[in-house]
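The values are calculated or read from the model by the stated rules, or taken from the named source; none is laboratory data. This structure is a prediction, so every number in the text was calculated from the model and none was measured. With ideal geometry, Cβ positions are generated from the backbone for all residues, glycine too; neighbour counts draw on all protein chains shown. We work out accessible area using only protein heavy atoms, side chains counted, and drop any ligands, DNA or RNA first. Shrake-Rupley method; radii C 1.70, N 1.55, O 1.52, S 1.80 Å.
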Amino acid sequence: MKYTALVLKNLVRSKRRTILTVLSIAVSLFIFSALVSVPTAANQILSDTASSTRIATHNKAGLAYPIPIAYKQRIETIPHVEVVLAESWFGGVYHEVYDEFPNLAVDPEQVDLMWPDYGISQEQFEQFKKIRTACLVGGDTMKRFHLHLGQQIQLRGTLYPFNVTLNIVGTFSGKAPPNFLLFRRDYLEEAAGRPGMVDNIWVKIDKPENVPQVIAAIDEGFANSSAETLSESEAAFIGSFMDQYRTFFRMAELLGFIVVLMIGLVAANTAAMSIRERRGEIAVMRSIGFPSRTILSMLLAESILIGLAGGIIGCGAAYIVLKVFSVGNAAGPLGSIHMQPAIAAETLVVAALIGLCSAFVPARSAARRNIVDALRTVA
């Protein structure tokens with residue numbers, strides 16, 4: 001601790017160089033943490049659903065094509081099936097077109113059994129079942145539009161030629177999508193004239209190991225029909241929405257590491273120049289009794305502090321930017337991207353390593369150099 005003041009004083013002896021070095025590291029780690037957060041968030045979403053007992057059944061031709069609601073009764077008779085729930089995409093907007101977020105209608109009767117991990121209280125589930133215009137809203141959507149429980153809202157139809165008026169009775173938490181809104185499908189069906197078609201059918205089975213068996217039974221049962229089905233595990237269903245971003249995810253990870261490597265080289269060059277300018281000072285410190293190990297530790301501490309300062313600034317900026325980005329893309333799969341604590345910790349570790357590795361070789365060389373030679377060179 002007695003050398004802390006000396007280390008801090010050396011940091012501000014060349015303020016311009018220190019500030020520019022911190023900012024260069026901050027910019028690079030901003031890019032690194034932001035890019036790495038994208039695939040990490042996507043992988044976290046998939047891992048949360050990897051062991052799910054839920055299956056999504058939709059039209060084999062694509063999600064844009066509906067399937068008959070009558071399929072629901074046939075799926076309920078398949079062994080290992082516990083809950084079957086139909087879903088229809090509404091796709092409404094709250095006020096303006098840019099206020100879009102995922103909103104869809106589901107069967108209310110067994111919604112608590114289908115999604116017990118959505119963090120909704122039993123009281124709120126019961127209200128959803130009783131109130132015809134009830135809806136459940138994700139936490140991010142509640143914050144985005146400053147909504148509250150008991151509030152009445154109206155969604156303007158885009159796919160449907162009518163609006164729906166809804167009352168908020170509960171909010172999502174836990175593993176629920178934070179930007180979704182669910183309301184009752186019977187309300188939508190009545191307004192739409194009961195077309196008898198749905199976009200998707202969710203199936204919950206007894207055990208994860210029975211997922212392949214149930215998927216095969218569903219799709220074989222509707223083979224050669226006018227609306228053949230494609231059934232997927234929940235992880236595969238969500239992953240299909242992210243496939244279009246897969247190449248981007250790989251490029252993001254690669255670019256992140258390239259940026260860190262490049263800034264490491266720049267920081268090493270800066271550290272070498274700074275230590276080279278201080279060779280005489282280091283020789284004098286050794287001549288008055290400072291051990292080589294102490295001098296090396298002080299030089300490395302300076303470099304690590306610069307790296308950590310850049311890491312903190314870069315991490316903070318990336319967190320803010322990702323937060324704004326997720327709000328602006330609330331309607332898509334990227335709407336749930338945010339910086340996880342593990343990414344922030346990883347970025348700070350990388351920042352410290354940049355500081356350590358960039359200064360270690362020149363600092364070690366300067367601290368161990370012969371005192372007489374160092375003084376003669378300066379003189």
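Quick notes on this structure:
- A cut-off under 14 angstrom between Cβ atoms defines the neighbours of ILE120, and their net charge, with Lys, Arg +1 and Asp, Glu -1, is -2.
- Between THR165 and LYS9, the contour length at 0.36 nm per residue exceeds the alpha carbon distance by 49.8 nm.
- For trypsin sites (Lys or Arg not before Pro), the sites in the range 101-144 that DSSP calls loop and that have at most 16 other Cβ atoms within 10 Å are ARG132.
- Cα-projected label distance for GLN73 with ILE131, points at 7 Å along beta-carbon direction, nm: 3.2
- Cα lying deepest toward the dipole's positive end in the chain, options LEU305, LEU35, TYR65, charges on Cβ: LEU305
- Residue-averaged [θ]222 nm for the chain, counting only DSSP H segments that reach four residues, each worth -39500 (n - 2.57): -18000 deg cm²/dmol
- Among LEU265, PRO291, GLY170 - extreme Cα towards positive end, dipole of the chain, charges at beta-carbon: PRO291
- Taken about its Cα centre, the chain carries a charge dipole of about 3020 debye when Lys and Arg each add +1 at the Cβ and Asp and Glu each add -1 at the Cβ.
- Only the Cβ atoms of Lys and Arg (+1) and of Asp and Glu (-1) were treated as charged; on that basis the dipole of the range 68-172 about its Cα centre amounts to roughly 260 debye.
- Flagged links, alpha-carbon separation over 29 Å, of LYS129/LYS323; LYS129/LYS207; LYS60/LYS323; LYS129/LYS204; LYS60/LYS175: LYS129/LYS323; LYS60/LYS323
- Folded to 0 to 90 degrees: helix 15-49 orientation relative to the chain principal axis, Cα: 30
- Distance between modelled label sites at VAL97 and SER121, nm, 7 Å Cα→Cβ extension: 4.0
- Euclidean distance of C-alpha centroids, the range 53-69 and the range 88-120, integer Å: 17
- Dipole of the range 119-170 [Lys/Arg +1, Asp/Glu -1 at C-beta], most positive-end residue of GLN154, GLY138, GLY119: GLN154
- DSSP loop chymotrypsin sites (Phe, Trp or Tyr not before Pro) with at most 16 other Cβ within 10 Å: longest gap in the chain: 163-379
- Relative contact order [Cα under 8 Å, 6+ residues apart], the range 141-233, whole percent: 16
- The charge dipole of the range 153-301, taken about the Cα centre with unit charges on the Cβ atoms of Lys, Arg (+1) and Asp, Glu (-1), comes to about 1240 debye, rounded to the nearest 20.
- Fully extended contour minus Cα-Cα distance, from SER365 to ALA352, at 0.36 nm per residue: 2.7 nm
- Heavy-atom accessible surface of the chain, averaged per residue, reaches 50 Å², computed with a 1.4 Å probe.
- Taking GluC sites (Glu not before Pro) in DSSP loop conformation with at most 16 other Cβ atoms inside 10 Å as exposed sites, the chain has its longest uninterrupted site-free stretch at 229-379.
- Whole-angstrom gap from the range 233-299 to the range 16-31, using each part's C-alpha centre: 11
- Spin-label model, ALA342/ASN269: points 7 Å from Cα along the beta carbon direction are separated by 3.5 nm.
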